[in-house]
1. Going by the structure shown, is B:GLU39 among the acidic types (Asp, Glu) and surrounded by fewer than 20 Cβ atoms within 10 Å (Cβ to Cβ)?
2. Only one residue in C:MET400, C:MET325, C:MET361 is closer than 20 Å to C:GLU416 by Cβ and of a type outside the set (S, T, N, Q), so which one is that?
3. Might you check whether a residue that is over 25 Å from D:VAL81 (Cα atoms) and more than 12 Å from every other protein chain (Cβ to nearest Cβ) occurs anywhere in the stretch B:66-78?
4. State the number of residues belonging to the stretch C:211-228 that are aliphatic (A, V, I, L, M), touching a Leu at 6+ places or on another chain (Cβ under 7 Å) and assigned to a helix (DSSP H, G or I).
5. Please identify the pairs in which a residue from the stretch D:81-99 that is more than 7 Å from every other protein chain (Cβ to nearest Cβ) has its Cβ atom under 6 Å from the Cβ atom of a residue that is of a type outside the set (Asp, Glu) and in a helix (DSSP H, G or I), counting only partners at least 6 apart or on another chain.
6. Going by what's in this entry, would A:VAL5 be described as within 12 Å of chain B (Cβ to nearest Cβ), over 19 Å from D:MET24 (Cα atoms) and touching a residue at least 40 places away in the same chain (Cβ under 8 Å)?
7. For the stretch C:290-387, list the helices (runs of 4 or more DSSP H) that sit wholly inside it and hold at least 1 residues that are under 16 Å from the mean Cα position of the chain (by Cα) and crowded, with 24+ Cβ neighbours inside 10 Å; which are they?
Amino acid sequence: MIIIVSLLVLLMFISAIAALIFKDLISAVIAACMVSLIAAILFFLLQAPDVAMAEASIGAALVTAVFIIAIKRTTRYEE
Amino acid sequence: MRKIIGIILLCIIAWGIFMSLAKIPFGKSESKVGNYYVEEGRRETGATNIVTSVVVGYRAFDTLGEVTVLFLAAIGLGAVLATLKDKSRAVIEDASLILITGCKFLFPLILLFGAYVFIHGHLTPGGGFQGGAVVASGFLLAYLGCRGDRISKVGSAIFESLGGLTFVVIGMIGLAIGSRYFLSNFLPKSQLNTLFSAGIIPIIYIAIGFKVGSELSGIIDQMMEES
Amino acid sequence: MVNPVLLIVVPIGLAFLTPILRFISKKWVKFIPVLGFIFNLAVSISLIPAAIHDPLIVKLGGFAPPFSIVLVVGPVGILFATLISLAGVLVSFYALSYIKEGPQQKYHMLYMLLLAGATGVVLTGDIFNLFVFFEILCISSYALVAYLGNKAGIESAIKYLIQGSIGSSLLLVGIGLLYGYFGTLNMADIASQIGTVDASRLFIPMALMITGLGIEAAIFPLNAWLPDAHSSAPSSISAILSGIAIEVGLYAVIRVLFTLFDVSSFLLFMLVLGVVTLIIGELCAMSQKNIKRMLAYSSIGQIGLIVFAFSLSSNFGVGGGLFQMISHTLSKALLFLAAGFMIYKTGSMEISSFEGIGRKMPLTALLFTIGTFSLVGLPPFVGFASKFMIIRAALAKGEMLYTLLIGLVLLATVIEGSYFFKVIQVMYFKGSKTGITKSESPITGLIPMIIFASLIIFIGVYPEFIMGIINPAASELIDKFSYIRSVLG
Amino acid sequence: MAFLQDYIYYIGAFGLVFIGLFIMLTKHNLIKVIIGLSILETGVNLFLISVGYITNGTAPIFSKPGLNVREMVDPVPQALVLTAIVIGLAVLALVLALSIRLYKHFGTLDLRKIKELKW
């Protein structure tokens, strides 16, 4: 169990750092979405199903959608 | 330079936080309040989902504030985007047939699932916020598929207002009758683990579900305008 | 007796109701905040006698205190609630004629929610509930700063929002650590157990919470957002932000420091921080050419003075700090409101464009002058009474350090006087006498300013009028054990 | 291993907090800064939930008979996080709307190039 959790945390860090590095903002947003999704899994493992649902539906889905709409209306690449 | 200063600053904070975390060992939570809620929550509020009984029962005032924050975001967003001059929408080409059919098929199912989540908030995981978000993601899907269609602004505004007002009015009724506390549970709690139980909790959660659903769809709609 | 929870719920309910009322009549929407805050003012004044005598504990949901959210309507709470409702009524009355552009009903909803959030922060007795109302206060300020939708407004709103949301995340981490330590969120309950954890472990949560709240309160290193945000908002909102929002943020800092944690070891730090904030604010204000930026920097200076007063931590000093808050709210709100119509008339925020305005808008200019005199601390205005009280409290300490710092405070007052008199000089004694078209501000704009000015003079002449509430408020902040007793029973 | 057992969730939570803060402090693109804010908030939420966890606990939902009350995890942090997630969404939506306006005015999202006011 602890191994799986450690791998998930590692993956979460990699996604977060990817969000830091990517110059393409859409990719960065998707990486941030990945962070939220893994956080939702961790919430579920921490016996918080309510929060896991909220994080998956709000943090991962809607926030990403709003980000992508905003990027479409502004600019896609970070200079 | 800025990066180095940032890293040094963060390291100092990290060290301090890990010092304080030693007092909070992981996996051994001993909370007076939490234990009380777990033990007495079913009896005092009638909800089997203790998180719901905390969110809409013991700490319902927080939830009123939370609903207000979301409402604020929706109006603030409207106010910020309202003065944009070019309201015209660019010509959007239609989605493919498969996407349209899929959306038409999935949209009612997603709404149904959202409604299920917020109606059963006091029995199973989920509740008004999660259900509302699911409903809003249904609308998001509909925007992707049926690109010409938009929700009615008037309709969503009315749902928003009515949802919020229901919450406030139920609180006021609690203040006026019964034990005379704001948001006190004045309805009978009835049989545990049935749909019609827990007094005002399901009513408030359904109101929140409608409000959050219409608000988030409204936010997406306003952001999408002219995109 | 009326339940104090109505002070928070009525504005929120009215804001929820507004979109529906809009379908009935669009013209009447702007009167909703006026009516709502008149109701609030009546309720809070009627609660004063009871609250001074013994704090009212309002249980929400009907569960016992540590297990549910409570509102603690003590002297401090009711003092701020009355101040907020008073400013709310007057500024919303002013906005009737001032707000003419943009999505107006959204303005009125945001305005009501801002003040509802502020009332919630000052009345609540629960640390997480404080966070929620603090967010309501902050988010409505972000949206209102951007209300005009011009370049400066959007830019400063984004700056404000980014700093503010880092602050609220830090605050949330602090709350999480406290919950981990004590397993409760009730402030009185935490305060009663604070001795069970050794002080070195409490430093991090305290630092995080003070940083988070201090961003809204604009204490020295955290005040980068303030001048831009306050100068880009519509003037009625600048009045509320300067007069209410930062004061409420400061209240939250003071409440966390004095009630939750043991403050005594940080008094010296606060003292220095207060004086530094004061000097920096006044020096920056002196070099400004834009009237609203000048007023905003002067707010930073005043915040420094208030922090200095609180850090004296004697009954007199804390009372002086509270008194200075009241005097700052009245004077700064008056200044921003008067400046609003002067800017409207001249079409520019530059001080140099106000030449001769003392003859074009005599009454508005006179009211502005009253505001500046009060802020500088000339008798017989309220600013004199409050500054005098702070200086007396500092001298009563009888130590060399305090006397030295008093010298710095007086120096800051001199700086403050110099730049305000420069403005008055421009307004009255410059500009040609020919070609004057006299036109006053509209009557709905003048009435609230006149009420503010008469309050400034009345309290300045007769400070005992509010001493009856300031003294119990000061002892509530200092004596945390009676606070704990009255909440937990 | 014991160290991981005790600290892995805290490491995860504060790792996210610091990565988020780092992004916010060092990046100049507004959208990037907002992404940092969202990561920061996720980290804070993860921390709050881990505070209330009990080893081998069950979710605080009486979904079937025979659940031991003593083994249930603390419901309070979950309620707090539910609130915090929604507040986070509200702030994000507002700041993204503001950034759309900013782009309309300035034609860029680079915070170094936006100097209408003195920073």
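1. yes
2. Working: C:MET400 fails: closer than 20 Å to C:GLU416 by Cβ; C:MET361 fails: closer than 20 Å to C:GLU416 by Cβ.
Being closer than 20 Å to C:GLU416 by Cβ and of a type outside the set (S, T, N, Q) holds for just one of C:MET400, C:MET325, C:MET361, which is C:MET325.
3. Scanning the stretch B:66-78 turns up no residue that is over 25 Å from D:VAL81 (Cα atoms) and more than 12 Å from every other protein chain (Cβ to nearest Cβ).
4. The number of residues fulfilling the criteria is 3.
5. none
6. On the way: within 12 Å of chain B (Cβ to nearest Cβ): yes; over 19 Å from D:MET24 (Cα atoms): yes; touching a residue at least 40 places away in the same chain (Cβ under 8 Å): yes.
For A:VAL5, the condition - within 12 Å of chain B (Cβ to nearest Cβ), over 19 Å from D:MET24 (Cα atoms) and touching a residue at least 40 places away in the same chain (Cβ under 8 Å) - is met.
7. On the way: elements: C:291-311, C:315-346, C:357-360, C:362-376.
Answer list for the stretch C:290-387: C:291-311, C:315-346, C:362-376.
One line per residue, one yes/no per condition, for (1) at pLDDT below 80; (2) under 14 Å from the mean Cα position of the chain (by Cα):
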| position | (1), (2) |
| --- | --- |
| B:LEU123 | no, no |
| B:GLY131 | no, yes |
| B:GLY138 | no, no |
| B:ARG147 | yes, no |
| B:MET172 | no, no |
| B:SER179 | yes, no |
| B:THR194 | yes, no |
| B:GLY209 | no, yes |
| B:MET223 | no, no |
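The values are calculated or read from the model by the stated rules, or taken from the named source; none is laboratory data. This structure is a prediction, so every number in the text was calculated from the model and none was measured. Here Cβ is always computed from backbone atoms with ideal geometry, including for glycine, and neighbour counts include all displayed protein chains.
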